[in-house]
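Novice: Here it is, the structure in full.
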Amino acid sequence: NESKSLNFIQQIIEEDLKNNVNDGRVHTRFPPEPNGYLHIGHAKSICLNFSLAQQYQGKCNLRFDDTNPVKEDTEYVNSIMEDIKWLGFQWDGEPLYTSNYFDQLYEWAVKLIQDGKAYIDDQTAEQISEQKKSPSEAGIESPYRSRSVAENLDLFERMKNGEFKDGEKVLRAKIDMASPNMHMRDPIMYRIMHATHHRTGDKWCIYPMYDYAHGESDYIEGITHSICTLEFEVHRPLYEWFVKNLTNTDYRPKQREFARLNLSYTVMSKRKLLELVTDHHVNGWDDPRMPTVSGLRRRGFTPASIRNFADIIGVAKRNNVIDVSLLEHCVREDLNKTAPRVMGVLNPVKLIIVNYPEDKEEFLNIENNPEDLESGSREIPFSRELFIEREDFMEDAPRKFFRMTPGREVRLKAGYIVMCEKAVKDADGTITEIHCTYDPKSKSGSGTEECKRKVKGTLHWVSAKHALKAEVRLYDRLFNDEAPDGHKETDFKEFINLDSLSILDTCYVEPSLQTAKPEDHFQFQRIGYFSLDKDSSAEKLIFNRTVSLKDSWAK
Ligand code: ATP
Ligand code: MG
Ligand code: MG
């Protein structure tokens, strides 16, 4: 039964299609306010809106909901477009802006005044909100509620012409001050803001409110399914009231609500993300610790992993919190299939093969990705002096330590079996070199008896004289608390993890990485997935750890 696997929005759409609602069209929109960078919650909404359009041969608009000039900026507009395209989606036609409709919205507001359904209120925002009372108690009507149509029209025009200061007057819809739905108690439609808008400049000093502008913009664009998050469910009657009172066609955009994405160990409101940026808790919106699309991209997440994440979590009608480890699982799964395997040593110590000729070097063949048969192989240099991980050596090792310890053998990946001899230490007892001998007949892939000998451990390594020095940035969760903004008494910033970034400045990677480009993905064998950072240069390679190989948080 196919319908069982449909989510509830798809079910609504299929029902609408069956009943030929709005001529059987499917037209969605993604309506970001350009007041910040997109985060993973927006990505969920993007995947949902664009995929529905694809699935039902419909269209999806990109509409910048730019009705608050004080907070909005072209920088945000550009980053939003870049992020949507990066995620793999393309909006229908040109990007659209609510500000394109300011003239039409103004005319419609005049019509409501003429119909006696809107009035100018001279009270302050505080007075207005006080008079709304609470759901259990009817609100108080404004003393300005019964102004004549002529006076309202005159005042509204003068508001538009800039005769009043910010906050001196508002336009309110005249609906019902006793409605059990607080949003129906004469909501504000327009406010005065003498601010320069990123697109309309100084043409306007009055700006429409979300509730008024949104449904009307949907109507203008021919949107059929206006999908938003659950908080707006209570706004729905107002959305419908405006559409009903301003238009007289059969076509009706319909608002539908789904549960927003909440992710553990992070915050997702743009206001809070902006605070992290402006207070320098992170290095910009695209800091790899941020839950922004640009941060995830820089960290090394792939578009496919984010789309897959959105798919797995699905759409729900109830709010819940998704564990961030699910997102990490999705990128691990994708990179396991696609990321080339390379050798990188994060915490190096010298390994000297004492019986390997000093002037010799050779090139060993190694497969690029065992999960991808078409990825081929490459040659990596091998010589007498290598770097291995400091943690891969232990002087007095327990029986089950299958790495390097005096008297035991390990295999060097794609190379030889070596016998560990001893560690060389400096005066403080710090290990400076490890000595070993190799078995020349044990070369990987040579098919000899020696090669087939079973050794328990295989280590990664790089050839010291060929390796490239690199900086590696390791990231931990940005917050120590599962729900940093879920505490009434404590500001979310109190939960910032002060150890969320560690920089390793002396790592060594194999020479093939010289040509890596930003956003290239790699698996550093035995360590994790890494991506070249945009700060990287040919002289100084910088890698970000996307995720470790296994979920270190799992029990
Ligand atoms: P924020 O609270 O982060 O500022 P917002 O809802 O004010 O978010 P908008 O730019 O208005 O940000 O959002 C654009 C679209 O993205 C809206 O349709 C909104 O419903 C959706 N959206 C925002 N946050 C989430 C989320 N956490 N999960 C799912 N969808 C979201
Ligand atoms: Mg919004
Ligand atoms: Mg917002």
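The values are calculated or read from the model by the stated rules, or taken from the named source; none is laboratory data. This one's a predicted model, so the numbers in the text were calculated from it and none came from an experiment. Neighbour counts run over all protein chains shown; Cβ positions are idealised from the backbone, glycine included.
Novice: Just checking, which of Ser305, Ser294 is under 13 Å from the mean Cα position of the chain (by Cα), part of a helix (DSSP H, G or I), away from ligand 2 (no atom under 16 Å from the Cβ) and closer than 24 Å to Asn35 by Cβ?
Specialist: From the options Ser305, Ser294, the qualifying one is Ser294.
Quick grid of which residues meet (1) more than 18 Å from the chain's Cα centre (by Cα); (2) among the hydrophobic types (A, V, I, L, M, F, W, C); (3) within 16 Å of ligand 2 (Cβ to nearest atom):
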| position | (1), (2), (3) |
| --- | --- |
| Gly24 | yes, no, no |
| Asn35 | no, no, yes |
| His42 | no, no, yes |
| Glu72 | yes, no, yes |
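Novice: Under 6 Å between Cβ atoms, at least 6 apart or on separate chains: pull out the pairs that start in segment 20-40 with a residue that is assigned by TED's automatic domain parsing to the domain that holds Thr249 and at pLDDT below 95 and end on any residue that is more than 8 Å from ligand 1 (Cβ to nearest atom) and of a type in the set (Ser, Thr, Tyr).
Specialist: Close Cβ pairs satisfying both conditions: none exist.
Novice: Then there's this: Condition first: assigned to a loop (DSSP other than H, G, I, E, B), basic (Lys, Arg) and out of contact with any Phe, Trp or Tyr (no Cβ under 8 Å at 6 or more places or on another chain). Now tell me which residues in segment 97-147 satisfy that.
Specialist: Lys117, Lys132, Lys133
Novice: Of all residues in segment 259-274 being of a type outside the set (Gly, Ala, Ser) and surrounded by fewer than 16 Cβ atoms within 10 Å (Cβ to Cβ), which is nearest to ligand 2 (Cβ to nearest atom)?
Specialist: Going through the qualifying residues, I end up with Arg271.
Novice: Now for a separate question. Return a yes/no flag: does segment 36-48 have any residue that is of a type in the set (S, T, N, Q), within 12 Å of ligand 1 (Cβ to nearest atom) and under 23 Å from Met290 (Cβ atoms).
Specialist: Yes, segment 36-48 contains at least one residue that is of a type in the set (S, T, N, Q), within 12 Å of ligand 1 (Cβ to nearest atom) and under 23 Å from Met290 (Cβ atoms).
Novice: Return the residues of segment 238-253 that are farther than 23 Å from Phe50 by Cβ and loosely packed, with under 15 Cβ neighbours inside 10 Å; say none if nothing qualifies.
Specialist: Residues satisfying the conditions are Lys244, Asn248, Thr249, Asp250.
Novice: How many residues does segment 506-555 hold that are small (Gly, Ala, Ser) and part of a loop (DSSP other than H, G, I, E, B)?
Specialist: Final tally of qualifying residues: 6.
Novice: Does segment 86-96 include one or more residues that are within 16 Å of ligand 2 (Cβ to nearest atom), outside any loop (DSSP other than H, G, I, E, B), under 16 Å from the mean Cα position of the chain (by Cα) and under 24 Å from Thr266 (Cβ atoms)?
Specialist: No, every residue in segment 86-96 fails to be within 16 Å of ligand 2 (Cβ to nearest atom), outside any loop (DSSP other than H, G, I, E, B), under 16 Å from the mean Cα position of the chain (by Cα) and under 24 Å from Thr266 (Cβ atoms).
Novice: Restricting to segment 102-117, give me the number of residues that are surrounded by 20 or more Cβ atoms within 10 Å (Cβ to Cβ) and in contact with an Asp or Glu (Cβ under 9 Å, 6 or more places away or on another chain).
Specialist: So the answer is 2.
Novice: Still on this structure: What are the residues in segment 52-85 that are in a helix (DSSP H, G or I) and either β-branched (Val, Ile, Thr) or surrounded by fewer than 18 Cβ atoms within 10 Å (Cβ to Cβ) (or both), if any?
Specialist: If the condition is that a residue be in a helix (DSSP H, G or I) and either β-branched (Val, Ile, Thr) or surrounded by fewer than 18 Cβ atoms within 10 Å (Cβ to Cβ) (or both), then Gln54, Gln55, Thr74, Glu75, Val77, Asn78, Ile80, Met81, Glu82, Ile84, Lys85 are the ones that fit.
Novice: Which condition does Gly167 not pass, out of (1) under 23 Å from Asp65 (Cβ atoms); (2) of a type outside the set (Asp, Glu); (3) not in a loop (DSSP other than H, G, I, E, B), if it passes all the others?
Specialist: Single failed check for Gly167: (3).
Novice: Just one of (1) over 16 Å from the mean Cα position of the chain (by Cα); (2) within 16 Å of ligand 2 (Cβ to nearest atom); (3) of a type in the set (Phe, Trp, Tyr) trips up Tyr56, so point out which.
Specialist: Unmet condition: (2).
Novice: Go through segment 257-275 and report how many residues are under 23 Å from Tyr475 (Cβ atoms), aliphatic (A, V, I, L, M) and more than 14 Å from ligand 3 (Cβ to nearest atom).
Specialist: Count: 2.
Novice: Which residues, counting only those in segment 443-469, are surrounded by fewer than 16 Cβ atoms within 10 Å (Cβ to Cβ), of a type in the set (Val, Ile, Thr) and in contact with a strand residue (DSSP E or B) (Cβ under 6 Å, 6 or more places away or on another chain)?
Specialist: Hit for segment 443-469 is Val455, nothing else.
Novice: Can you name the residue in segment 193-228 that is of a type in the set (A, V, I, L, M) and surrounded by 21 or more Cβ atoms within 10 Å (Cβ to Cβ) and, of all such residues, is nearest to Gln10 (Cα to Cα)?
Specialist: For segment 193-228, the residue satisfying everything is Ile227.
Novice: Which of the residues belonging to segment 324-377 are assigned to a strand (DSSP E or B), in contact (Cβ under 8 Å) with a residue 40 or more places away in the chain and within 34 Å of the chain's Cα centre (by Cα)?
Specialist: Answer for segment 324-377, where residues must be assigned to a strand (DSSP E or B), in contact (Cβ under 8 Å) with a residue 40 or more places away in the chain and within 34 Å of the chain's Cα centre (by Cα): Arg341, Val342, Gly344, Val345, Pro348.
Novice: What's the total number of residues in segment 496-510 that are buried (at least 18 other Cβ atoms within 10 Å of the Cβ) and more than 18 Å from Pro291 (Cα to Cα)?
Specialist: Qualifying residue count, segment 496-510: 4.
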